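What follows is a single structure, written as structure tokens, with notes after it.
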């Protein structure tokens, strides 16, 4: 595998983890949102990844490169579980029984996901830095 593939794989992972972090941030920001333009409470979003060829040419040469692939986001889905019902008759979005439909988001789960995404992002940055250092050392050998 050449050094450029290492950079391409790392950058595809950085893009995917960045989108994952943005989605988690959106979930955390809307943990108390009871009314959306679509109607009803905010629905938790989840990011789904899939391995992907780095480019069309590399896909054609896949057998020569031992199946080296990057990562891409295939879809962002909304949670379909019913919202939590919380009794709060003074809330403006409360129904006639005094219950408010709240987003079904666990702050703890989102924080764990955020830590995982952050560590994955950092690991990919480290792998890109290491590949850069190896390339620089290889160039120094030629001097």
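Coordinate-derived values only; no laboratory data. The structure presented is a predicted model; accordingly, all values stated were derived computationally and were not measured. Cβ sites come from the backbone with ideal geometry, for glycine too, and all protein chains shown count toward neighbours.
Confirm whether residue 93 is over 30 Å from residue 13 (Cβ atoms), surrounded by fewer than 16 Cβ atoms within 10 Å (Cβ to Cβ) and in contact (Cβ under 8 Å) with a residue 40 or more places away in the chain. Give the derivation first.
Values: over 30 Å from residue 13 (Cβ atoms): yes; surrounded by fewer than 16 Cβ atoms within 10 Å (Cβ to Cβ): yes; in contact (Cβ under 8 Å) with a residue 40 or more places away in the chain: yes.
Spelling it out, residue 93 is indeed over 30 Å from residue 13 (Cβ atoms), surrounded by fewer than 16 Cβ atoms within 10 Å (Cβ to Cβ) and in contact (Cβ under 8 Å) with a residue 40 or more places away in the chain.
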statement: Inside the stretch 1-30, the number of residues satisfying the requirement of being in contact with a helix residue (DSSP H, G or I) (Cβ under 7 Å, 6 or more places away or on another chain), surrounded by 16 or more Cβ atoms within 10 Å (Cβ to Cβ) and over 14 Å from residue 124 (Cβ atoms) is 2
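Within the stretch 70-90, work out how many residues are assigned to a loop (DSSP other than H, G, I, E, B) and surrounded by 13 or more Cβ atoms within 10 Å (Cβ to Cβ). Lay out the reasoning, then the answer.
Quick first cut of the stretch 70-90, residues assigned to a loop (DSSP other than H, G, I, E, B) only: 79-83, 88-90.
From the residues that got through so far, the ones that are surrounded by 13 or more Cβ atoms within 10 Å (Cβ to Cβ) too are 79, 83, 88.
Going through the stretch 70-90 one residue at a time, the tally reaches 3.
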- request: Restricting attention to the stretch 104-126, report how many residues are over 26 Å from residue 82 (Cα atoms) and outside any helix (DSSP H, G or I).
  value: 0
message: Residue under question is residue 104, and the condition is that it be free of Cβ contacts under 8 Å to residues at least 40 places away in the same chain and more than 14 Å from the chain's Cα centre (by Cα); does it hold?
response: no
